[in-house]
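So the structure is just underneath, and the comments pick up after that.
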Amino acid sequence: MAEIIRRSTGIAGLDLVLNGGVPPGTRIIISGSPLSGLELLAQQFWQAGEEGGTYLMLDAVPEEGMTDARGMDAAALAGAMQGERIVVDSLSTLITAWGIDAATRFVLEDTRGIIDRGANIVYLLYTNHHTPLEEARMMRAADVFIVLRHEIHGNEVERTLAVEKLKGGEVPQRVIPYHIIAKGLELSTTSRVV
């Protein structure tokens, strides 16, 4: 059986956890709070590699190189998805604006041709913003589901990343600590032996 060539996430530690990166042609949902660094992870993915891609900004004024997708309908959004590395910031905005049925149809059906040609689409999903049913439907629609969590313990912030779903691969059996640094996310790839 031929080994799948994976696409780098742009984060060396995450690529290591994912056995080289994400499989081409997958729907990736990154879930977390607005302060967890999910936008940074998405930007690192978008800017990695030489394949090029599209960052569709629905939530704010787009930064340089991003596409202003505010107000686009499903057909315009799908038509704007160029290259191999596509980011939709955010899926939460689509669910709020269109409803869960239309957002699910967009993820699974309206973008099928983009997935079939081998591109990866990263969707950002904000925690504590949706009903449990909406979150479950998005989890089911994803090929890869990554959760960023942060907790405050006294005067320290603990940040962890968990890969909870991975199409065509084994889901890692541990959470991985990460840090937010100037250039984005950095994962700790060492494990303690107890």
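The values are calculated or read from the model by the stated rules, or taken from the named source; none is laboratory data. All of these numbers come straight from a predicted model, not from anything done at the bench. Note: ideal-geometry Cβ built from the backbone for every residue, glycine included; neighbour counts use all protein chains shown. Note: areas computed on protein heavy atoms with side chains; ligands, DNA, RNA excluded. Shrake-Rupley method; radii C 1.70, N 1.55, O 1.52, S 1.80 Å.
Could you tell me whether region 67-74 includes any residue that is open to solvent by less than 40 Å² (accessible area, probe 1.4 Å), in contact with a strand residue (DSSP E or B) (Cβ under 7 Å, 6 or more places away or on another chain) and polar (S, T, N, Q)? Before you say what the answer is, go through the steps one by one.
Filtering region 67-74 for residues open to solvent by less than 40 Å² (accessible area, probe 1.4 Å) gives 69, 74.
So of that shortlist, the ones also in contact with a strand residue (DSSP E or B) (Cβ under 7 Å, 6 or more places away or on another chain) come out as 69.
Still in the list and also polar (S, T, N, Q): none.
No.
Of (1) out of contact with any helix residue (DSSP H, G or I) (no Cβ under 7 Å at 6 or more places or on another chain); (2) at pLDDT 95 or above; (3) crowded, with 16+ Cβ neighbours inside 10 Å, Gly169 satisfies all except one. Which?
For Gly169, the exception is condition (2).
Show the residue pairs that are 6+ apart or on different chains and have beta-carbon atoms under 8 Å apart, the first residue being within region 39-67 and touching a residue at least 24 places away in the same chain (Cβ under 8 Å) and more than 21 Å from Val144 (Cβ to Cβ), the second being in a helix (DSSP H, G or I) and open to solvent by 20 Å² or more (accessible area, probe 1.4 Å).
Filtered contacts from region 39-67: Asp59/Thr93.
From the set of residues in region 128-159 that are of a type in the set (S, T, N, Q) and modelled with pLDDT under 95, which is farthest from Arg174 (Cα to Cα)?
Of all residues in region 128-159, those of a type in the set (S, T, N, Q) come to 128, 131, 155.
In the following step, the residues that additionally are modelled with pLDDT under 95 were identified as 128, 155.
On the way: Asn128: 23, Asn155: 24 Å.
Ranking the candidates gives Asn155 first.
Condition check: open to solvent by 40 Å² or more (accessible area, probe 1.4 Å), within 16 Å of Ala119 (Cα to Cα), among the small types (Gly, Ala, Ser) and not in a loop (DSSP other than H, G, I, E, B). Does Gly49 satisfy that? Before the answer, list the steps.
Numbers: open to solvent by 40 Å² or more (accessible area, probe 1.4 Å): yes; within 16 Å of Ala119 (Cα to Cα): yes; among the small types (Gly, Ala, Ser): yes; not in a loop (DSSP other than H, G, I, E, B): no.
The answer is no for Gly49.
Across region 20-33, what is the number of residues that are part of a loop (DSSP other than H, G, I, E, B) and either open to solvent by less than 20 Å² (accessible area, probe 1.4 Å) or touching a residue at least 60 places away in the same chain (Cβ under 8 Å) (or both)? Spell out how you get there, then give the answer.
Filtering region 20-33 for residues part of a loop (DSSP other than H, G, I, E, B) gives 20-21, 23-26, 33.
Remaining after also requiring either open to solvent by less than 20 Å² (accessible area, probe 1.4 Å) or touching a residue at least 60 places away in the same chain (Cβ under 8 Å) (or both): 21, 23-26, 33.
Final tally of qualifying residues: 6.
Can you confirm whether Arg85 is under 16 Å from the mean Cα position of the chain (by Cα) and open to solvent by 80 Å² or more (accessible area, probe 1.4 Å)? Outline the logic, then answer.
Details: under 16 Å from the mean Cα position of the chain (by Cα): yes; open to solvent by 80 Å² or more (accessible area, probe 1.4 Å): no.
No; evaluated as a whole, the condition is false for this residue.
Would you mind finding the one in Val107, Val17 that is in contact with a strand residue (DSSP E or B) (Cβ under 8 Å, 6 or more places away or on another chain), in contact (Cβ under 8 Å) with a residue 24 or more places away in the chain and open to solvent by 20 Å² or more (accessible area, probe 1.4 Å)? Quick ask: steps written out before the conclusion?
On the way: Val107 fails: open to solvent by 20 Å² or more (accessible area, probe 1.4 Å).
None of the other options fit; the residue is Val17.
Just a yes or no: is a residue in region 129-140 of a type outside the set (Ser, Thr, Tyr), touching a helix residue (DSSP H, G or I) at 6+ places or on another chain (Cβ under 8 Å), assigned to a strand (DSSP E or B) and surrounded by fewer than 21 Cβ atoms within 10 Å (Cβ to Cβ)?
No.
I need the full set of residues from region 150-169 which are farther than 22 Å from Tyr126 by Cβ and without any contact (Cβ under 8 Å) to a residue 12 or more places away in the chain, in order please.
First, pick out the residues of region 150-169 that are farther than 22 Å from Tyr126 by Cβ: 153-156, 167-169.
Matches in region 150-169: His153, Gly154, Asn155, Glu156.
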